[in-house]
Amino acid sequence: MWKVKFVGKRPELKNPILIEGLPGIGNVGKITADFLIDEIKAKKIAEFQGEGLPHSVFINEENMLELPTIELFFKKTQNGKDILIVAGDAQPVDDKSCYAFCEQVLNLAEEYKCSEIITLGGIALRQEPKIPQVYCTGNDKKTIKKPETA
């Protein structure tokens, strides 16, 4: 149902972390992932192709139509942890497509031997907070405390 189509040569990565940021509440995940890609000058290495993306198009800066895409970027770093970033215009709209897409992302993380997976997103609050906060959850207490000390 979903597959990864690589463009160019696959990079060899050292102890990578995978960061995912797709549109959702407030587009927080997408905006953050796009900013990170631009800031660190990450390079596109693949596209995710599959069923279940919204039936829509986007209009680019040249007034051309584009279908929604989900792409994979990478950046080699000097600190011993390279970076993979999953970013895109949309995310799967139904449960079956979502699970199939997530399985493909997890397979990719396993293939590259990612040491950590970070997902970005917003949460809906009743009121805009006076002081914005970052929330963290995870599958063990060490993971949850890590961002607090960073």
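The values are calculated or read from the model by the stated rules, or taken from the named source; none is laboratory data. On a predicted model such as this, the values are computed, not experimentally measured, just so you know. Please note: Cβ atoms are built from the backbone with ideal geometry, for glycine as well, and neighbour counts cover all protein chains shown. Heavy atoms of the whole protein, side chains included, go into the accessibility calculation; ligands, DNA and RNA do not. Shrake-Rupley method; radii C 1.70, N 1.55, O 1.52, S 1.80 Å.
Observations
- With 30 Å as the limit on Cα-Cα distance, the pairs of Lys75/Lys130; Lys3/Lys76; Lys14/Lys142; Lys5/Lys75; Lys3/Lys141; Lys14/Lys145 that go past it are Lys75/Lys130; Lys3/Lys141.
- Under a Gaussian network description of the chain, with springs only between Cα atoms under 10 Å, the residue in Ile31, Ile59, Ile70 that fluctuates furthest is Ile59.
- Relative pair counts by distance (%), Cα atoms of region 57-131, 5 Å bins: 3, 10, 16, 18, 15, 14, 15, 8, 1
- Residue among Phe101, Leu18, Val57 farthest towards the positive dipole end of the chain, charges placed on Cβ: Leu18
- Normalised by the number of residues in region 1-110, the mean separation of alpha-carbon contacts (under 8 Å, six or more apart) gives a relative contact order of 34 percent.
- Just checking the listed ones, Leu18, Leu125, Leu53: in the Gaussian network model of the chain with Cα springs under 10 Å, the one fluctuating most is Leu125.
- For region 99-142, the list of chymotrypsin sites (Phe, Trp or Tyr not before Pro) that fall in a loop by DSSP and count at most 14 other C-beta atoms within 10 angstrom reads Tyr135.
- Residues of type aspartates and glutamates that Lys113 reaches as a straight line, Cα spacing below 14 Å, ignoring anything fewer than 8 places off in the same chain: Glu12, Asp82
- For the chain, the per residue solvent-accessible surface stands at 72 Å², with DNA, RNA and ligands left out and a 1.4 Å probe.
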